[in-house]
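For reference, the structure discussed in these notes is given below.
The values are calculated or read from the model by the stated rules, or taken from the named source; none is laboratory data. Note that the structure is predicted; figures quoted are calculated from it, not measured. Backbone-built Cβ (ideal geometry, glycine too); neighbour counts: all protein chains shown.
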Amino acid sequence: MNTTDQQQHFLTGKRVIIAGGGIGGLTFCIALQHFLENSTKKIEPPPTIIVYERDTSANAIGREGYSLSIRGDALSGGMQILQKLGILDEMITESNPGTHFTLFNTDFSPLMQILSPPVEGLSQSSMRIARSKLREILIKNVPSSVIINWDCAVNSAHELDNGQILIDLTDGTQEQCDLLIVADGSNSIIRKALRSEHVLNFAGAVIIAARTRTLDKLPSPIDKTWGAVLGGNGHFLFVAPSDRTSALWSISYLSNTPREPKAAGTINDDEIDEILNEAKERTKVYGEPMPTLFKETLRSSVAVFNAKDMIPFRNHGSAIFIGDAQHAMSPFAGNGANMAIMDGYQLADQLVHAKDLSTAIKSYDDLSIPRSTSAINMSHRSITIGHSQGLWKYMWVAVLKLMAWYLNLNYQHDQQSN
């Protein structure tokens, strides 16, 4: 082997397939090109990047009818990654009203506001954005060299003796690749095929959720903020703008066993009536805007699902799991999108700059697993606090108020010191 071969980067000329064109997979595409272009050592020829995505097109609706919280705090870091990739300003322009989380009383008067401390270099430290808008901007910024195959998903995968991966596609064909980035979500088909020992666990809460049809005006107070009401007879209510013209709501309750899930768009009219009546009964202690949100609910968006998560696992071989495929977390984490964004960016960074694949994988896992574990642990605390009743509710509210006061005091001190 000559000197040139010895120095050849392990990604040189390789075929990389990404299973899933969601937030993590798309961020990886953008970040990989970013690091390839800025690397001191050029990788020639560069790897071929191919994405397989189940949605029929970039404009597919399906799972897009909700919004996500992107934050810049020490655990989350999504805002900073988007800034490094040069797409944060566009995201902020398309973001929803409000920049902070509010904990409400049952009449929706503010109990406390949780303001994220400012982050140096950012015009704002958090935002909430429609998943469809976030994904639209990511797709727009995917390099033209990346091939995205819509309406075609990876159906299974097989690890070959030569280290490559053979994938089965939903169109009946097969493809072979040197590296498979698994970004197909919490119910990952590829995880079931290659890492079947890692399964989802019920986190102890059942969620009923829906969004409204397009509104002339978002009802107060979610025209200015988003947030939650805890302790409504053991229920946890969350409300937020879905986008600038619609809102979403979810009501959850504790359960020892999971409930039969019902996906949006798969429920008949009678079942929708039953679920909405149940949701109204569970939310009867709440004032406006709940009556308005129920009145304007888009019936086809009604869904029932269980809060589930999974202990993060380490990667090995030529299939690298990221996002919810590696460390699924429930909505109570409020951090799934941030973790996926950071995963895509940090994996791309390690793949370009590490000396070999095994080092890149280990370095990525060393970054991803601790923060995702922290996010999952926080989600468990959120489930406990959010569904608290009686004295426990008032105790948790007091603790949260004290924390908010302390953070605000530190923020004011920092401002005076600058």
The stretch 298-331 - residue that is in a loop (DSSP other than H, G, I, E, B) and among the β-branched types (Val, Ile, Thr) and, of those, nearest to THR212 (Cα to Cα): VAL302
Given (1) part of a strand (DSSP E or B); (2) under 26 Å from GLY78 (Cα atoms), index of the condition ILE222 fails: (1)
Tally, over the stretch 245-287, of residues that are assigned to a loop (DSSP other than H, G, I, E, B) and crowded, with 16+ Cβ neighbours inside 10 Å: 6
Hits in the stretch 193-234 - residues which are surrounded by fewer than 16 Cβ atoms within 10 Å (Cβ to Cβ), closer than 30 Å to ASP168 by Cα and touching a residue at least 60 places away in the same chain (Cβ under 8 Å): VAL199, ASN201
Failed item, numbered, when ASN187 is tested on (1) over 20 Å from the mean Cα position of the chain (by Cα); (2) surrounded by fewer than 17 Cβ atoms within 10 Å (Cβ to Cβ); (3) at pLDDT 95 or above; (4) under 20 Å from LEU68 (Cα atoms): (1)
Helices (runs of 4 or more DSSP H) (entirely within the stretch 8-127) containing at least 3 residues that are surrounded by 19 or more Cβ atoms within 10 Å (Cβ to Cβ): 23-38, 78-84
Matching residues, the stretch 231-265, being more than 22 Å from the chain's Cα centre (by Cα), on the phi < 0 side of the Ramachandran plot and at pLDDT below 95: GLY232, HIS235
Qualifying residue in the stretch 353-369 (condition: on the phi < 0 side of the Ramachandran plot, among the acidic types (Asp, Glu) and free of Cβ contacts under 8 Å to residues at least 24 places away in the same chain): yes
Enumeration of residues in the stretch 293-328 that are of a type outside the set (A, V, I, L, M), over 22 Å from TYR253 (Cβ atoms) and surrounded by fewer than 23 Cβ atoms within 10 Å (Cβ to Cβ): LYS295, GLU296, SER300, PRO312, PHE313, ARG314, ASN315, HIS316, GLY317, SER318
